[in-house]
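Quick note: the coordinates plus some simple rules give every number you see, no bench work behind them. Source: prediction; values computed, not measured. Here the Cβ positions follow ideal geometry from the backbone for every residue, glycine too, while neighbour counts run over all protein chains shown.
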Amino acid sequence: MYKSNNISNSVIRRLPRYYRFLGQLLKQNVTKISSRELSERMRVTASQIRQDLNCFGGFGQQGYGYNVEALRDEIAKIIGIDKQLKAILIGAGNLGRAITMHLDFEKNGCKLIGIFDNNLAIENLQIANLPISHINNLKNFCLKEKPDIAILCIPRDSAKEIVQNLIDLNVKAFWNFSHYDINLEFDDIIVENVHLSDSLLTLAYNVNNQIDRQD
């Protein structure tokens, strides 16, 4: 895995988009592409693409452009997809079930190894070939399996205690759907917050702003 403390968060956030677009190009049997052509497809400037990739050494050839498959493989290494981080999911309600059933974890650098919920009525039911375990089994499971990431699909009010327990069990990264702001309490933890309502509100603003301009 490529590592650098000097890579900006904005560059890191563009890497998955490059990876996804390059995968789409491969499905279309595109074998090479210039930064200009890639910029037109992605609506990112060619200079931005070159600057981003140069953070990791640059992978194009003058007069040729980029080999699509090779560049996608390099970005996969940069992200660390081949590392297959071990993940657990907390909260097997509607959201947790949807994520488990519809997200291909292994294609996104993770392996889902456990699902936990506090509802005894669904204990041992299976989602995507994994049984739901009661939250009381979380400690022993983490001590044995040592997960890298916890996915939180639980109410905000339940999150703080569970996060503290997981940190005590040496889980240091969270994919957080709970709306609990983990970094306010634990500033050395890696967190990716997902606020679906924020995304919808942003969409609503942009739609309403466009309507206002047309009036």
Fill in the blank from the handout: So the angle from the long Cα axis of helix 156-168 to the longest Cα principal axis of the chain, reported in degrees to the nearest 10, equals 90
Problem - For the stretch 84-198, the spread of Cα positions along each principal axis, largest first, Å - result: 35, 32, 29
Problem - Structure-derived percent of Cα pairs over 31 Å apart: which label, when the choices are (i) 39; (ii) 30; (iii) 35 - result: (iii)
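Average projected area of the Cα convex hull of the stretch 145-215, in nm²? Mind dumping the intermediate values first?
Details: hull surface 23.5 nm².
The Cα convex hull of the stretch 145-215, projected and averaged over all directions, gives 5.9 nm².
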Problem - Dimensions (Å) - the stretch 9-79, Cα atoms, principal axes, largest first - result: 31, 22, 22
Fill in the blank from the handout: the chain: longest segment with zero exposed trypsin sites (Lys or Arg not before Pro), where exposed means DSSP loop plus at most 11 other C-beta atoms within 10 Å, is residues 44-215
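Tally the DSSP beta bridges in the chain and give the antiparallel ones as a percent, rounded to 5.
Close to 20 percent.
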Completion exercise
In deg cm²/dmol, rounded to the nearest 500, the helical mean residue ellipticity at 222 nm of the chain, built from -39500 (n - 2.57) for every DSSP H run of length 4 or more, is -14500 deg cm²/dmol
